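Encoded as structure tokens, the structure appears first; notes follow it.
The values are calculated or read from the model by the stated rules, or taken from the named source; none is laboratory data. Keep in mind it's a predicted model, so treat the numbers as computed, not measured. So basically every Cβ, Gly included, is an ideal-geometry build from the backbone, and we count neighbours across all protein chains shown. Just the protein is used for accessible areas: all its heavy atoms, side chains included, with ligands, DNA and RNA removed. Shrake-Rupley method; radii C 1.70, N 1.55, O 1.52, S 1.80 Å.
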Amino acid sequence: MAAVGPVPWQWQPSSALALAPAGLLAATSPSGNHEPQTLPFLPPPPPAGYPLLPPRAPIVLQLHPHPGFLADVDRRRSCSLLKLLKDEGAAPSPEDEKRREQVIRELKKIVMRWAKAVAREQSVPQRMATATVLTYGSYSLGAHGPESDIDALCVGPCIATLQYHFFVVLRQILEGRPEVSGVQTIESAKVPLMRFRFSGVAIDFTYAQLPVIDASKAINTFSPQLLQKIDERSWRSLSGVRVNEKIVRLVPNSEKFQILLRCVKLWARKRGLHCHHLGFFAGIHLAILAAYICQRFPNASVNGLFIVFFQTFAHWPWQVPVSLHDEPTDCLHPEGRLMPIVMPCTPPEFCVSNVTRSTFKKIREELTRGYAFTKDPLRHDFEWTWLFEPFPYAEKHQQFLRIALCAPTLAELRDWAGWVKSRLRFLILKLERAGIGCDPCPSEEIDHAVEEPNMVFYWGLIPEKIMHVDTSSLKEDFMKDVTNDVYGKVKCTRSDVTISVVGLSQLPKSMCTHSVQWQYLQHCMLGYQATSEDHVIW
């Protein structure tokens, strides 16, 4: 076989710490230091007459490109990434922003009138009772999209209870407004909330009851003495606001953080990873992971930040929590926590997580896939669209668990679905105990062959061995978790869950997409030295 000619660039090993292609990260750094890169090449074809036999292993030429060339590649990739975000509609329009601001203003007026009504009912001077609305999540971080919901917190006085005044009285007020539709309550969640649409904008509405009458004035101070007196549910509801404030203070460049978080959220949605109740990421998880990268690489480009996101967390030792504080956390590590992420608040707390063994495996696979796609900064035919392609459920799995929810009316279906979805993690755990991993698709489908209002989920099944799934006993066992309190028992009298196993031919067309990931992934893994953990994943 012909020899490979000399290459004018040189390569020297970089330190083990530099997981990222630091040449891209340092392209805008004043220091001007550029880490070497590794570029995979195949050898030239053999001379005529020689047999066309493939080499035993790919030949990798290790190169040290010119820093100016790397900087140019970095600029072009950053521009193409921003264009993709725009083409995907990842950022809202100015008109949409105004509509959201108007929705928040109206909600503040509604809860203030609600507080006065509660005061009148309880013979408390109305002028003293106040309430307000605070936002948190992607909206307050400035990383929301046009279809994103608004996480909003209703802060009420001590005379307004969660169970009656929030979930009954305030719900009735909201349902009486013409701009409000689809109100549903999820009362037994770790953070109880109402969900509804206000002028077309989806709202997740939580509640914190303060130990004062004038709640809107007290919340502006956030005094430690006040926080010590609130109940556990209100504390959890307030944590979202407190964590957001900390994240904003800790990231060195808010604009780059917002762009990175939008990229990460779009990737997670496309790959079926942005669904907390199914054991994947919640918005707070992604926000902290993105903030962690922005903290450590303040001079990185947009392209560099996104690359190092995958390179960091594809190799992350997940027995170590991800924390935005440098000092180690001493908060308790919950049993079964697979991806511990610490909220940047005082005292430190772990983010609520529903991750299971099945969903943890898929998250790791997707992080490794992202690393494999982005690790080569010099690939000439690189396309961001490959990274963001929808997850190919129909190509990855042969059998699916079909979970159908139905109810007599749309309003009842919304309540029923909200309740059942808060219990779906138990169903995933039951499958795992039976030796069956699953890949739950977050998409909510509709069976048009059924007259009743319905909602259908499809979960890819990954059996460790060929076995029969007894859906009757699986449903019977799962319904014990659904009806474990009065609310579930009442809802179950008019609503139902159907569980069955279906094949590829019974999938909706929306799930049958073609993927180029395997062909590309095989090519871009040339020269990649897998770790012991990667052998488990692949």
### Per residue accessible area of segment 144-295, 1.4 Å probe, in Å²
37 Å²
#### Entry: Environment charge at Ser78 (Cβ cut-off 12 Å; Lys +1, Arg +1, Asp -1, Glu -1)
+3
#### Entry: Percent accessible area from carbon and sulfur atoms, segment 105-241, protein chains only, probe 1.4 Å
51 percent
### Task
Quick one: give the max-minus-min coordinate of the C-alpha atoms of segment 178-239 along each principal axis, largest first, in Å.
38, 25, 17
### Task
Could you give the spread of the C-alpha atoms of segment 364-480 along their three principal axes, from largest to smallest, in whole angstroms?
56, 35, 25
### Message
Explain nothing, just compute: Karplus ³J(HN,Hα) = 6.51 cos²θ - 1.76 cosθ + 1.60, θ = phi - 60°, for every residue of segment 143-158 in order, whole Hz, x for Gly and Pro.
### Response
10, 8, x, x, 9, 5, 7, 10, 7, 10, 10, 8, 9, x, x, 5
### Message
Checking the cross-link filter: which lysines have an alpha carbon closer than 26 Å to that of Lys265, excluding same-chain neighbours under 8 positions apart?
### Response
Lys83, Lys86, Lys98, Lys190, Lys246, Lys256, Lys361, Lys362, Lys375, Lys396, Lys421, Lys509
### Cα-based Rg of segment 295-398 normalised by 2.2 N^0.38 Å, two decimals
1.27
### Message
If I compute solvent accessible area with a 1.4 Å probe over the protein chains, what percent of it on segment 264-393 is carbon and sulfur?
### Response
57 percent
### Integer Hz, Karplus 6.51/-1.76/1.60 couplings in order for segment 354-363, x for Gly and Pro
10, 4, 10, 4, 5, 6, 4, 4, 5, 4
